Amino acid sequence: MRPYQFFLAVVATAMFAVTPALAQQRSDDRQSDRQRENQTRTERQRENQSRTERQRDQDQQREKTRAQSGSAEGQVEKTKRVRVRHTGEEHLIAVLKRENGKGTIVDLGPVKDIERFGLATGDTIMARGDLVAVGNREVLMARQIRNERGDTQNIRQPRPRGNREQRGQQRRDRNADQREDVASRNQQRQRGKNITGSGEIIRTKKVNVRGQGREHLVVLMETQKGERRVADLGPVKQFKNIELKSGDQITVTGDVVNVGESQVIAARKVEVDERTVRIERAGGGRQI
């Protein structure tokens, strides 16, 4: 072996010679490496677990907020304006007091839309829409409301973002809403045939007729067949000598007007308590 090569061999042997101190250092390095690997592995496991928990929470929340069809009928007990975060619009929230005394929270949609409907505290309405869990409460996200006169209004509600299946359902809902809008407008332009309905008065209400400056008397009655009908009896002044109250038997003859999904009898003749009132829509009325 040449001198230079021998020198390199000696240096290499010296460089890689395992002394007790070097052995300890290597052992410490290996232990540190294992600790770092274990720490990294633990952090990954925690991250995966956290991700799994978040996903589970999101799935549970989606399950809770998944819309279910529902409806509620009752008297508007109170209302409140609430701003929706992701749209910035003010919505009108109402509490409906049902016949059983329980209250139902209803989101009636954007205030600017519902104001045109002329809703007031004390009005009785029927609301249809989606039941959604909000915290520990159930809220009816109304898509359509109807008052005692039979007037209906479709309500636009913000739609949550979701997966492809949910987006497909949202498209179907929008198409259904559009069909309902068209059907509602068509039905409101139609007049039904003359009809006579007899039954028991469930409740009465005085309603201001927009654009005419007068009050009409509206009754909700239940026929002998168990059907409920709404009848507009015309100006209140025509019944100043007749007291109509819940439980009275009444017979109403008039034109059927299709309004949304309901029918309203625009009375031409009313028979109650052995008296008859003929209603003249263009003018007054006279008792017989």
- Note on the structure: Arg83 fails exactly one of (1) charged (D, E, K, R); (2) more than 30 Å from Ile265 (Cα to Cα); (3) at pLDDT below 85, namely (3)
- Evaluate the following for Val257: is it surrounded by 17 or more Cβ atoms within 10 Å (Cβ to Cβ) and modelled with pLDDT of 90 or more? no
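Let me confirm something: among Glu99, Glu77, which residue is surrounded by fewer than 16 Cβ atoms within 10 Å (Cβ to Cβ), within 18 Å of Arg146 (Cα to Cα) and either in contact with a Leu (Cβ under 8 Å, 6 or more places away or on another chain) or among the hydrophobic types (A, V, I, L, M, F, W, C) (or both)?
Checking each option against the conditions leaves just Glu77.
Table: residues versus (1) closer than 21 Å to Ile105 by Cα; (2) modelled with pLDDT under 75.
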| site | (1), (2) |
| --- | --- |
| Leu140 | yes, no |
| Gln144 | yes, no |
| Ile155 | yes, no |
| Arg171 | no, yes |
| Asp181 | no, yes |
| Gly213 | no, yes |
| Val230 | no, no |
| Leu233 | no, no |
| Val236 | no, no |
- Note on the structure: Residue count, segment 81-108, condition among the hydroxyl-bearing types (Ser, Thr, Tyr) and not in a strand (DSSP E or B), comes to 1
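The values are calculated or read from the model by the stated rules, or taken from the named source; none is laboratory data. Treat the numbers as computed from the prediction; the structure is a model and nothing was measured. Backbone-built Cβ (ideal geometry, glycine too); neighbour counts: all protein chains shown.
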